[in-house]
Amino acid sequence: MSRRVRRKVAKKGKEKLLLPSYPELILDENDADFPHSILPINLAANSAAPTSPIGVAVDWTTLPDDTVIQLFALLNYRDRASLSSSCRTWRNLGSTPCLWESLDLRAHRCDASSAVSLSSRCSNLRRVRFLGADSADAIIYLKAKGLREISGEYCRKMTDATLSVIAARHEMLECLQLGPDFCERISSDAIRAVAICCPKLRRLRLSGVREIDSDSINALAKNCVNLCDIGFMDCLKVDETALGNMGSLRFLSVAGTSNLKWGLVSHLWSKLPNLVGLDVSRTDISPTAVSRMMLSCQSLKVLCALNCTNVEEDANFVTSSHGNKGKLLLSLLSDIFKGVGSLFVDNSMKGRNVFLDWRDTEKKDQKWDDIMTWLEWVLSYSLLRIAESNPPGLDNFWVSQGATLLLSLMQSSQEDVQERAATGLATFVVIDDENTSIDGQRAEAVMRGGGVQLLLHLASSWREGLQAESAKAIANLSVNANVAKAVADEGGITILANLAKSMNRLVAEEAAGGLWNLSVGEEHKGAIAEAGGVKALVDLIFKWSTGGDGVLERAAGALANLAADDKCSMEVAVAGGVHALVMLARNCKFEGVQEQAARALANLAAHGDSNSNNSAVGQEAGALEALVQLTHSPHEGVRQESAGALWNLSFDDRNRESIAAAGGVEALVALAQSCSNASPGLQERAAGALWGLSVSEANSIAIGREGGVAPLIALARSEAEILTTAVFQDVHETAAGALWNLAFNPGNALRIVEEGGVPALVHLCSSSVSKMARFMAALALAYMFDGRIGEVALTGTSSEGVSKCVSLDGARRMALKHIEAKLVILDAGVEVVEVQRRAMSIIGEYEKANECLPSEMSKAAPVCQSWRALAMGSSGDREGDAMAATCITTRGFGDSENAEALAVRNALQILIEAGLKRVELETNNISVLSYLQQQK
């Protein structure tokens, strides 16, 4: 895999982890990314920290107080507290009340001890955002009795007890928001406690509560007389009758909530005297109920019904409802910008983007400001949910106005709206999580709307939540090559490389994901390296070595893509990438990290001819043992990439022997035996790794002894209809290559015959679409019948004490019968003798030679070998495809070097006869050159 996108909630047991828009966090007390104490700030790594011009030293103690306070305001709470400890002056400035009116605890784990350490600064705290149930428990230790607004995410494990205690300790609370992930453990009891303890409550928004009964809603109506904004989204059941008693309500959202009785709803809610905005998106509301609400509710201005199937099935109904007595019906079929603009009398507010016009207007109207603020919130929520579910038939909506809507909402003054819109932008382009594919039209609609520049601008913001969501959107959009180019052209690579250095794990994780997808393009690899991306990615692995599976997978995936480039692979090694990736392969238990670490090591080892990374990986302590162990993984992707790494590493002589010593032969034979029904990629790598190991005679013997012949034959054996396609072409080539190497050993040659390998190889010779597979199969057959196999058959079988009934003469005849003479027409138009005929003619040569031998000589194998030699030569074109081969038997040669020279001469003769004028000869045998010179 080379890239990854994120959209839906990951399920346990999936082979590929795609973190969702709002993933369920598993917070472990040992997680390194949620430490219990305040950590020292690293100014050099913080993008918000100022830098001095031309390296001039800055005396920080001489800065004006207001400048220092502005710097403090750009830091998260942990860095702010750490910086305050540097000196007495900064301690006093760091405690300035205006710095602690708002507190975002989402970036790091905040438990009770951390909250206690912050409590002395929180006397003026008015707004807090938290993440996860543990942080929710810690809020009471902040001792912020004047808290006005609490907003929580990842509240799936938050309980009634926690919410009740929070409400009891903060009676001044005016706004409570929990979501958009589901609050599965919150019940009506906790809502009733909130109503009793927080009489000043004005806004209550909860997502995914199972049931909200009449008692809890009536308690809100009785005690919270100023409650004007309620959102009960994605709930299983809400008492609609009790909601009809909420006379103070101005805005109500029941988006995604099921089991509502719409006849009763339209009758009761239409009587709410102050209801201005109603959101029923993603429900089964009927057109009749919509019409009744629009006609009967005098105060209603906006009814939002996005993705309501019953309503949108009737396009005429949606169209006829526009402008109904100054009221607005919003659906996916309507022009949302035009519709919202129609609410305003001012013509200047009826432009293409009414939300931007409204924000820029100098004359503000509180009534319309409230409506627009609420509209931004409900639209961002519903668009995100619609993008997550990705219902069919919405392509036109997303391209024509959905992308523009999200881009507009990303410029909202509401932080949570901005972040949800960015997440929606990252989500709506994804059409297939597993295959990492996005909708090109949607992605380019974002690009046309200026989305790339906007996202990069927001990613450069000092707000870490916005950094993370913007980087996520950039990562997903960059799967599209055109968007990736635009990101690079706008300086996005440098921005992402800097974000990857963030101390906030979520920011670093999304930035690494962006670099992962951008690094797919060959044209971007060098730019990532120049921007410091390689070093940043390697450092991420060391920084989050435990407790950060998401960031580790993305960092390793990006390094794997970069390592495929020769120059970048050297930078990965210089930055400590070999050690970091081996550490992941050895210690990490998450399959996504294991797969990408193994892939990165495979790519590093693929440059054995141009750099020393192959040997460096092999010499790294525990590397080969870890890769061998990963071949036993239950996850196919991990097995495939680890086998691929061992294949590449086996090209180095020392690595080849070390892999065998680490149990690689046994592991790879077992892998080959188990992958008959696996993907072609895994089959190819398993056979390829055995091919690489079998270059060594000792390993070749060990592979045969461990039972490696049979699975290789199985991989080489396929049905005729499969052989005529290229699906298994690489599998055939590697399996035939491995069998060729094994056939050098006469014992293995006999095993190939015993296991039925001759028909499989003959079939490859005659039917494979791969020239290389045909060539390898022919060579394997040639070596099998060079005479040595008969000697093994005379002295004993290949099996240890277990003999199989085989007929060598019958096998030879089978090969001769099925290999027919052919001509190969090269691209240059030159006709040469077909590879198989030349290679397989050795079978007939040896049969004739055996007929000429005296009977007593034929039984004396050593004497026969001393005067009869096999000479083989082959040639290929510039692409490496086989062109011709020759195999002959010659009397009187006991010298293997002379036999090799003779084979080369015969191969050259074939090429000369074919009319080739230029031939390049490669040999490591000086005797070959000497012999050829003597035989001119």
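The values are calculated or read from the model by the stated rules, or taken from the named source; none is laboratory data. None of the values given here were measured: they were computed from a predicted structure. Cβ placement follows ideal geometry from the backbone for every residue including glycine, while neighbour counts extend to all protein chains displayed. Ligands, DNA and RNA are stripped out before the accessible areas are found, and what is left, the full protein with its side chains, is counted by its heavy atoms. Shrake-Rupley method; radii C 1.70, N 1.55, O 1.52, S 1.80 Å.
Points worth noting:
- Residues whose placed amide H lies under 5 Å from that of Leu103, excluding near-sequence neighbours: Arg127, Val128, Arg129
- Ordering 104-117, 760-773 by mean Cβ neighbour count within 10 Å, with the highest value first, yields 760-773, 104-117.
- Scalar couplings 3J(HN,Hα) for the stretch 460-473, obtained by applying the Karplus form with A = 6.51, B = -1.76, C = 1.60 to θ = phi - 60°, are 8, 5, 7, 7, 5, x, 6, 4, 5, 5, 5, 5, 5, 5 Hz; x denotes Gly and Pro.
- Computed with every protein chain present, the accessible area of Leu454 is close to 30 Å² [probe 1.4 Å].
- Annotation: amide H of Val238 within the under-5 Å range of Ile212, sequence separation 5 or more or interchain, hydrogens built in the peptide plane.
- Based on Cα contacts under 8 Å between residues 6+ apart, the stretch 575-715 shows a relative contact order of 22 percent.
- Computed packing ranks the peptides 194-202, 220-228 as 194-202, 220-228, most packed first, by mean other Cβ atoms within 10 Å.
- Cα gyration tensor, the stretch 114-196 - rounded (a/c under 1.5), prolate or oblate: prolate
- Accessible surface for Val399 stands near 50 Å², nearest 10, in the context of the full protein assembly shown (1.4 Å probe).
- Here the relative contact order of the stretch 60-99, from alpha carbon pairs under 8 Å that lie six or more residues apart, stands at 40 percent.
- Gyration tensor (alpha-carbon) shape descriptor, the stretch 424-467, a/c threshold 1.5: oblate
- The protection proxy used here, the mean number of other Cβ atoms lying within 10 Å of each residue, ranks peptides 510-519, 569-578 as follows, highest first: 510-519, 569-578.
- Surface exposure of the stretch 556-608, expressed per residue as accessible area with a 1.4 Å probe, stands at 29 Å².
- Overall form of the stretch 618-738 per C-alpha gyration tensor (a/c, 1.5; a/b vs b/c): prolate
- For the listed residue pairs Lys237/Lys261; Lys535/Lys567; Lys145/Lys367, the alpha carbons are over 20 angstrom apart in Lys145/Lys367.
- Amide proton proximity set for Asp279, modelled H, under 5 Å, gap of 5+: Leu252, Ser253, Val254, Cys304
- Heavy-atom accessible area ranking, 1.4 Å probe, most first, across His632, His457: His457, His632
- Taking all protein chains together, Phe344, Phe744, Phe355, Phe651 sort by accessible area into Phe651, Phe744, Phe344, Phe355, largest first [probe 1.4 Å].
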